Structure formats: structure tokens, C-alpha cells
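A.B. asks: Have a look at this one.
The values are calculated or read from the model by the stated rules, or taken from the named source; none is laboratory data. Everything numeric here is computed off the predicted structure, so don't read it as measured data. Neighbour counts are summed over all protein chains in view; Cβ atoms, including those assigned to glycine, are modelled from backbone coordinates with ideal geometry. Just so you know, the surface numbers come from the protein's heavy atoms only, side chains and all, with ligands and any DNA or RNA stripped out. Shrake-Rupley method; radii C 1.70, N 1.55, O 1.52, S 1.80 Å.
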Amino acid sequence: MTPTPQDLAGAVLTVDLAAVRDNWFILSRRAGPARCGAAVKGDAYGLGVGPVARALWQAGCRSYFVARPAEGAELRAILPQAEIYVLDGLFAGQAAYYAAHDLRPALISLAEAEAWAAYGKARGVPPPCALHADTGINRLGFPPDELHALLANGPLLAALNVSLLMSHLACADEPGHAMNARQRDAFAALRRRLPGVPASLANSSGIFLGSSYTYDLTRPGLALYGGNPTPDAPNPMQPVVSLEARILQVKTIRPGETVGYGGSWQAARQTRVAILGAGYRDGVPRALSSRGAQGPAHVAIAGQRCPVIGRVSMDVMAIDVTDLPAESAAVGAPAEIFGRHISIDEAANWAGTISYELLTRLGSRYARHYTGQESEPGA
């Protein structure tokens, strides 16, 4: 019998595409009457842009956001009819590439606006673009003085086919932060200077700040993939991704023996140790290494939590399965690193990072398994 990828992998990443669609529906209803788009940059946050983008299209999503033009070209081949914005702006000398793939740059400077306008004039038809205004995050985006100069330059503005005015919130995951209202008010002032142009301000967490933030189009990212957009409240999203590692070996060690590099974890009792086929090469953070007798990091086997012990190494990690029935912690059994029993936000917190980083740094050795696929791609 020919082995499957799952048979040969130390770890399996399962992506529930039905949950992706459900999460888009949740966010779309919450954002209403604004349209709900989707951020699929970074290979759909590491989960695979092809399957994820098709699932979102099936759900009804029509507007997509990527970071780089090459990502946009890849997405265009998957979704020929989608509206695709490139958040990193217009790369120098690449206007023809954007136009060839029907990509809309989110312009971030006066120089980019002039280059895009010049390309449109030479072509005879100005292709669509977005204006990305920096309202306080001080990351990508038009500096206020350059944007005001553009808005005051009637001929240049008329040469641009602006299909979206957008900005990005810095503190949307902190609902009470004063910066949210400051950015909203600054954005509202800009929108008044571009009447009739659709506007977009809200990311995943911004959708939950209320209707004064959702405008015409929202841009959720992490929430689509199961991350919590409301960190101080229960997660309203469905879990999407599960990472499970196979138990490669189970051994019993005596009190006083150590586990892993550096002997950093020492057994206080006779301990059954399970060795899992996943390590930092597979995207399991080394920071999940045990920092105490019982974790804090855990994995779940048969629904029961088991502490990580010793250091996470390149290919393997160790857990304490002493309190599990022997049959539950047998060689070949799956151990959930995150999924339905351990949320990705919880695992990220144990590692001292955020779920965005945990998702996007997942390795390439595990077998990918997609569930909830519809028979027709709908693209």
C-alpha cells in the first residue's frame, strides 16, 4: 500500500475551510452594511492561499488584500475575477506588472501617485488604485503633508482612478485606547475630502469597535483563521487550524533523570515521557520549552492536557504523559499542539508571542490536510 503524506509526517496541519467560511460570515454580519473583504497575505497567514482564497470566494468574498505584487499575481491566477489590493504600495518600475495582473496598489506616497498616474496616462486608461493614509500608526501610508498635497493637486488626483481610501488602526485590539478615536476622526476628515470614494479602516479587531469604524469595506485577517479579535473577551470565531504531532516513542525515566538538551528539566517522580515528531523546524516555537516543573506550555492528547518538558529541539519535543492511560499515549497517537483543545492564542501566549507569528512561521515538513472543501471551486 502506498503511504499517504500523513503516514510519513511527524506532524499534520489540518485546516478547516468550512470554519474559514463560517468566520467570514460572522465578520460579514458584524460589519454590515459594509462589505467584508479578506487579508490573505503571507500565503493566507501560512495556511495556503489557494484553498483559503477559494473557500472565501465560495462564501461571497470579492475583495482581497495581499502584501507583495508577486502574492497578488499568484492570487489572480486562483481568482480571476477578484478585486486585489497590494498593501505594500507600488514597487518602483513595476506599474506594468501590476496592470498585467489587474492588481490595485495601495499608494503610500506622492511619488507613487505620480508614477501610477503617469503609467495610466501612457496607457490611456487609468487603472484603479487605493490611497493608503497614515492616520497615526506611522507604518506604511501617505504622510499627512504628502496626502494633503495630493488632494490639493486637482490634475494629479483626476489622473488617478481611486477605488478605495484606506488607513490602518494601531490599537484596535484595545477597545478603550484613545488612539482608536483619534485615528477614526482623522480618517473621517480625509474621507470628507474624497466624496464618493469607498473607505476602509477596520481590520479584524476594528470590526468589533462599532459601526463608526467599519465604513464601506472591512479587511479582516487573523479572525478569519480563528484568532481572537477581542482579546479581553471570549473568542467569537471558529477554530480553523489544528497542528498535531505524532508520538514517536514513549519511555519511563526515574526520579532525578533529566530530559532534553542542557538537562533543564528534571523528573521529581517516575515519569512516562512521550517524544513528539515536531520541533522548531516545524514552526513549534523553541520558547514553548519547559520553564518549570509543569509547563506552562501543554499539548492535548485524547482531550487531556499534558505539560511540555525539557527543551523543544529542531525535530522533536517531549511531554509528560504519566497521568494518561497507557493506551492514550501510545506510539503513533496524535498530540494536539494547538487546535480545538488548545487555542492558537493560548499557545502563542505560552511562547511569549502572538498568534499571527505562530501561524505564519509554521514549517513546511508537516502534511497539510484540508477539510470542509466544497466540490466546486467557485472561482
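A.B. asks: Go through region 89-136 and report how many residues are open to solvent by less than 70 Å² (accessible area, probe 1.4 Å) and modelled with pLDDT under 95.
C.D. replies: The number of residues fulfilling the criteria is 2.
A.B. asks: Turning to a different aspect of this structure: Scan region 312-333 and tell me whether some residue there is in contact (Cβ under 8 Å) with a residue 12 or more places away in the chain, closer than 30 Å to ALA223 by Cβ, open to solvent by 20 Å² or more (accessible area, probe 1.4 Å) and in contact with a Phe, Trp or Tyr (Cβ under 8 Å, 6 or more places away or on another chain).
C.D. replies: no
A.B. asks: Say we look at region 60-77 and pick out the residues that are aliphatic (A, V, I, L, M) and surrounded by fewer than 21 Cβ atoms within 10 Å (Cβ to Cβ); which of these is farthest from the chain's Cα centre (by Cα)?
C.D. replies: Result: ALA77.
A.B. asks: With (1) in a loop (DSSP other than H, G, I, E, B); (2) more than 24 Å from ALA55 (Cβ to Cβ); (3) of a type in the set (A, V, I, L, M) as the list, and LEU362 as the residue in question, which single condition is left unmet?
C.D. replies: It is condition (2) that LEU362 fails.
A.B. asks: When both residues are 6+ apart or on different chains and their Cβ atoms are under 6 Å apart, which pairs have a first residue that lies in region 78-99 and is over 24 Å from GLY48 (Cα atoms), and a second that is charged (D, E, K, R)?
C.D. replies: LEU90/GLU112
A.B. asks: Let me ask something else. Determine whether region 24-38 contains at least one residue that is at positive phi, touching a Ser or Thr at 6+ places or on another chain (Cβ under 9 Å) and in a helix (DSSP H, G or I).
C.D. replies: Within region 24-38, none of the residues are at positive phi, touching a Ser or Thr at 6+ places or on another chain (Cβ under 9 Å) and in a helix (DSSP H, G or I).
A.B. asks: Could I ask something else about it? I need the full set of residues from region 19-52 which are free of Cβ contacts under 8 Å to residues at least 40 places away in the same chain and among the basic types (Lys, Arg), in order please.
C.D. replies: ARG29
A.B. asks: So if I check each of PRO33, PRO51, PRO80, which one is under 29 Å from ASN235 (Cβ atoms) and either modelled with pLDDT under 95 or surrounded by fewer than 19 Cβ atoms within 10 Å (Cβ to Cβ) (or both)?
C.D. replies: PRO33
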